[in-house]
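First up is the structure itself, then whatever we jot down about it.
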Amino acid sequence: MIQRHLNIDYVEYRSVEEMEPMDRELVAAAMEARKGSYSPYSKFSVGAALRLEDGTIVKGANQENAAYPSGICAERTAMFAAGANYPGKAFDTIAVIAGMHGETCKDPASPCGACRQVMAEYQALGRRPLKVILVGADRIYKFGEVDDILPFIFDSLEA
């Protein structure tokens, strides 16, 4: 038996003002995207903004439906829109912000497993790390790549 230890590195910010200008811009785009959330059932609104390798920003918001689980998360809305409208462009960074009743969650909300797996596949397709920014009212986390939020990624592209 071999016992191993997994380390995850990330940066924690106390406010958006501590961040680099490009990251602040992406967080602002995610906040704006959240306004497009359609979440009448959960009241949990999420916005995502994705920066492509050429600097283009693509936004997405969660969309619910009475025929659950027909809705889609903000992260996948942004990624699928980018994949469809900018094929072949690598993803650089995605920012995600969530809240209820107009208030941002104190702690950053983590993407669901399906969104993490989609992030992992687009990261592999782009052949470069996809940075992840998770925004909360009291703290912001920035991860250097999807692997940091989804260790042991399933990657059928390398088969």
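Throughout, read-outs are computed from the coordinates displayed, never taken from laboratory work. Small disclaimer: the values here were computed from a predicted structure and weren't measured. Positions of Cβ are generated from backbone atoms using ideal geometry, with glycine treated the same way; all protein chains shown enter the neighbour counts.
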### Task
Return a single number: how many Lys pairs in region 27-151, at a sequence separation of 8 or more or on separate chains, have alpha-carbon atoms below 16 angstrom apart.
8
#### Entry: region 1-87: GluC sites (Glu not before Pro) in DSSP coil with no more than 15 other Cβ atoms inside 10 Å
Glu53
#### Entry: Charge-dipole axis of region 13-144 as Lys and Arg at +1 and Asp and Glu at -1 on Cβ define it, positive-most pick from Cys105, Pro87, Val118
Val118
### Query
Cα convex hull of region 17-150: mean projected area in nm², to one decimal?
7.5 nm²
### Task
Quick one: which residues, 5 or more positions from Ala109 or on another chain, have an amide H under 5 Å from its amide H? H modelled 1.01 Å from N in the peptide plane, none for Pro or chain starts.
Ala98, Val135
### Message
With loop defined by DSSP as not H, G, I, E or B, and exposure as at most 12 other Cβ atoms within 10 Å, which is the longest segment of the chain clear of exposed trypsin sites (Lys or Arg not before Pro)?
### Response
44-105
